[in-house]
Amino acid sequence: MSCGCLKNAVKAAGQVAVAVAKAVIGVIATGKLIASLDVRKARMAACTECPHFLASDGVLGARCAVCGCFLQAKAALITEDCPKGKWPERKPIQCV
């Protein structure tokens, strides 16, 4: 692996680690985890139209070139947002 490739791999791993940490904090803060099917579909539709969408390599799934996240997982977490603001706005969580 060349030095440039290693730098890129380390940067990508760091981005994913930060994103996962933020997601965990969001879940702890809200007590909510999974977005509804409609929300997930709307998010993925926005992702597939985005120029930062990186198609699946057949193993790990599609990723975002901006944040480095795996999109199926990120779209499913209710606390997450698109780093470019392209996802439909989240509705506030209502306590019953």
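Which aspartates and glutamates, if any, have their Cα less than 13 Å from the Cα of LYS22, not counting same-chain residues under 8 positions apart?
By straight Cα distance, LYS22 reaches GLU80, ASP81.
I'd like to compare 75-84, 51-60: which one has the highest average count of other Cβ atoms within 10 Å, and what's the full order after that?
In descending order of packing, they fall as 75-84, 51-60.
No lab work stands behind these numbers, since they all come straight from the coordinates. What you see is a predicted model, and the numbers here were worked out from it, not measured in a lab. Cβ coordinates were reconstructed from backbone atoms using ideal geometry, including for glycine residues, and neighbour counts include every protein chain displayed.
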